[in-house]
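Values in this text are rule-based calculations from the coordinates and carry no lab data. Please read these numbers as outputs of a predicted model, since none were measured by experiment. Cβ atoms come from the backbone with ideal geometry, glycine included; neighbour counts cover every protein chain shown.
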Amino acid sequence: MIIKQVSIFVENETGRLYDLMQTLADKEINLNAATIAETGEYGILRCIVQEPEKVVEILRNCNYSASLSDVIAVAIENKAGGLNKVLKILAEKNIAVKYIYSTMQSDKDEAAIMVKVNDPQKAIDILEAEGVKLFALEDLK
């Protein structure tokens, strides 16, 4: 259940993030998960959308620099230590976690987080073997 994440470079200038969000809204693109990190002159918006390849094409046609990368979506217990259970499994199996962020989806018992790891398929195999629930892209609507 590898999920394609869209990464978009956005200049750190007033209104540029708004312009990007308006472009997505105008094209009726909904963000199912998102995070943004500053890197000096640019920010990088990482997001999960339905039809990521199509979204990258749309963004490039609108003069945005956009790319795809692989992440996994993991269910965690929505309580103290829930995330740590998953991180422990990955650490014990030598899977490096590069970053995480939450989705727009959660309920009282579980939350969904996006995880960028050095080996997504190996992480999936390990987590499934440990009984950890994973989400597919279509689950993140």
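Listing for the model above:
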{"quantity": "Protection proxy ranking of 12-25, 45-58 - average other beta-carbon atoms within 10 Å, highest first", "calculated": "45-58, 12-25"}
{"quantity": "Value of Rg to Rh for the chain (Rh from inverse mean 1/r over Cα pairs, i.e. Kirkwood)", "calculated": "0.99"}
{"quantity": "Nearby lysines by direct alpha-carbon distance to Lys4 (threshold 27 angstrom, same-chain neighbours under 8 apart not counted)", "calculated": "Lys27, Lys54, Lys85, Lys88, Lys93, Lys98, Lys108, Lys116, Lys122, Lys133, Lys141"}
{"quantity": "Mean Cα-pair separation over length for region 1-117, i.e. relative contact order, pairs under 8 Å, 6 or more apart, %", "calculated": "29"}
{"quantity": "Directionally averaged shadow of region 29-71, computed from the convex hull of its alpha-carbon atoms, nm²", "calculated": "3.3"}
{"quantity": "Under-5 Å amide H pairs with Glu11, H placed in peptide plane, nonlocal only", "calculated": "Gly43"}
{"quantity": "Contour excess over end-to-end distance, with Cα ends at Ala96 and Glu130 and 0.36 nm allotted per residue", "calculated": "10.5 nm"}
{"quantity": "Computed label-point distance, nm, for sites Tyr42 and Lys85 using a 7 Å Cα→Cβ extension", "calculated": "3.9"}
